[in-house]
Amino acid sequence: MAGFWDNEELVGKIEKNNREEIQIKKVEKKGKKYIDIRVFWSDGESDEFKPSQKGVTVPYDSLDQLKELISSIE
């Protein structure tokens with residue numbers, strides 16, 4: 001989502017399939033910090049992945065709660 005965020009830092013990627021990947025980023029907008037978890041897609045013609053509308057942005061203040069929920073998954 002280049003251009004939307006004031007600051008963004010890629011934390012990691014998870015391959016979903018050969019045309020999609022999930023990118024996890026630390027992002028910032030107007031001084032507020034978030035974690036953005038978003039599906040990125042490729043049209044297959046270039047190596048560049050583009051952001052989709054499929055994703056969620058979690059306020060950084062809720063990061064501990066998100067970690068707890070994920071760690072409770074078996």
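The values are calculated or read from the model by the stated rules, or taken from the named source; none is laboratory data. Only a predicted model underlies this, so the values are computations on that prediction, with no experimental measurement involved. Neighbour counts are summed over all protein chains in view; Cβ atoms, including those assigned to glycine, are modelled from backbone coordinates with ideal geometry. The protein model used for the area step is the full one, side chains on, heavy atoms only, and it has no ligands, DNA or RNA in it. Shrake-Rupley method; radii C 1.70, N 1.55, O 1.52, S 1.80 Å.
I'd like to check something: does the stretch 63-73 contain any residue that is among the β-branched types (Val, Ile, Thr) and surrounded by 10 or more Cβ atoms within 10 Å (Cβ to Cβ)? Full working, then the answer.
Within the stretch 63-73, the subset among the β-branched types (Val, Ile, Thr) is 70, 73.
Remaining after also requiring surrounded by 10 or more Cβ atoms within 10 Å (Cβ to Cβ): none.
Within the stretch 63-73 (the criterion being among the β-branched types (Val, Ile, Thr) and surrounded by 10 or more Cβ atoms within 10 Å (Cβ to Cβ)), the answer is no, since none of the residues qualifies.
Are there any pairs with C-beta distances below 9 angstrom linking a residue in the stretch 1-29 that is in contact (Cβ under 8 Å) with a residue 12 or more places away in the chain to a residue that is open to solvent by 90 Å² or more (accessible area, probe 1.4 Å) and of a type in the set (Gly, Ala, Ser), with the two at least 6 apart or on different chains, and if so which?
Cβ pairs passing all conditions: Glu8/Ala2.
Among the residues of the stretch 2-43, what is the count of those that are more than 22 Å from Asp61 (Cα to Cα), open to solvent by less than 100 Å² (accessible area, probe 1.4 Å) and among the charged types (D, E, K, R)?
3
Within the stretch 8-32, how many residues turn out to be touching a strand residue (DSSP E or B) at 6+ places or on another chain (Cβ under 9 Å) and not in a strand (DSSP E or B)? Step through it out loud before you land on a result.
Going through the stretch 8-32, the residues touching a strand residue (DSSP E or B) at 6+ places or on another chain (Cβ under 9 Å) turn out to be 8-16, 19-29, 32.
Add one more test, that the residue is not in a strand (DSSP E or B), and what stays is 16, 19.
Final tally of qualifying residues: 2.
Can you tell me which residue within the stretch 44-60, out of those that are outside any strand (DSSP E or B) and touching a residue at least 24 places away in the same chain (Cβ under 8 Å), is surrounded by the fewest Cβ atoms within 10 Å (Cβ to Cβ)?
Quick first cut of the stretch 44-60, residues outside any strand (DSSP E or B) only: 44-49, 60.
From what's left, touching a residue at least 24 places away in the same chain (Cβ under 8 Å): 44, 49, 60.
Working: Gly44: 8, Phe49: 16, Tyr60: 14.
Among them, the one singled out is Gly44.
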